Amino acid sequence: MDQPHGVFPTEAILEAILLQTEIRTLLTSATRVCRSWHGIIQGSASLQAAFFLKPAEEPAFFLKPSENGVRWSYCNHKSIRNLFIETDIWPDFFRKRLHNPSDRAWQIQEEFPLIDPGKEKAYLREEASWRHMLLRQPTSHLALIEERAYAPCPVVSQIPFYVNNGQFKAVDDFIRLGHLGDGVGHGDLIPGRDMLLFYDKDGRLTDRELKYAKHRAVAISYWLTQCDAVIFCCLSNFCEPRPFEGLGCLTFVDNFLEDLGRGAQVRRHRRVAA
């Protein structure tokens, strides 16, 4: 089928209809109907944003002049999370154990359930569309919640990363699901039972979640309303003030952040996490 059906006389009407379509249908079916549909979807900025493949026009943060110079300011407009993460990626891939024991070996001790073979093959395809998907619209930032020995309670740093590793075009460098997938695959990020809450590899996941129980609730109710994802860690040398300047990566989370590239902090100093 090379030509669209006559019921869709214009590209504008088709675009308007597709914008009201459930995202899973768009990703799995709409682009395969015919070459014309595929071309319209690929060429529509609105549909690409609906796919979470292109960022929305308005960023979540912007630079705002202040008495002390320029600082990051949060935009108070509607934010939409990528529901594909909740319905598919998190339960069916991130929180599953792969069949190849050399992949995600850390998941064996966490007793994650084994992934469906068909889904494993689909998710591991290099060209899989989920790898290029944004976590939310508009794009935001990561929140690191650190437990420091000298602090009475965990503290949080907010970091927007503009990825600079050549994987994406310079004008379209934002954190994608593929980056988180790489962090999970390498064992730098351990996905918890709460969607988009990650932990560094420092003890069993169940123990870490119990330890951070109160702060998990705050992360879900507050921080995840503002940021792309939350990472709990014992230490990061990527946050100001850097306690071990010049020593490079100190933790698995630092390995992940270094792969992304150094980010610009939203606030100069850490804040109490709860």
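The values are calculated or read from the model by the stated rules, or taken from the named source; none is laboratory data. Note that the structure is a prediction, hence the values are computed from the model and not measured. With ideal geometry, Cβ positions are generated from the backbone for all residues, glycine too; neighbour counts draw on all protein chains shown.
Per-structure values
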| item | result |
| --- | --- |
| Candidates Arg193, Arg131, Arg148 - the one that is part of a loop (DSSP other than H, G, I, E, B), modelled with pLDDT of 85 or more and surrounded by fewer than 20 Cβ atoms within 10 Å (Cβ to Cβ) | Arg193 |
| Every residue from segment 222-237 that is over 18 Å from Glu147 (Cα atoms) and touching a Leu at 6+ places or on another chain (Cβ under 9 Å) | Leu224, Cys227, Asp228 |
| Tally of residues being aromatic (Phe, Trp, Tyr) and under 15 Å from the mean Cα position of the chain (by Cα) across segment 210-228 | 1 |
| Selection count, segment 193-205, where residues are farther than 14 Å from Phe252 by Cα, out of contact with any strand residue (DSSP E or B) (no Cβ under 6 Å at 6 or more places or on another chain) and in contact (Cβ under 8 Å) with a residue 40 or more places away in the chain | 3 |
| Contacts under 7 angstrom Cβ, first residue in segment 86-113 being outside the structural domain of Met133 (by the TED database) and surrounded by fewer than 18 Cβ atoms within 10 Å (Cβ to Cβ), partner modelled with pLDDT under 70 and not in a loop (DSSP other than H, G, I, E, B), 6 or more apart | none |
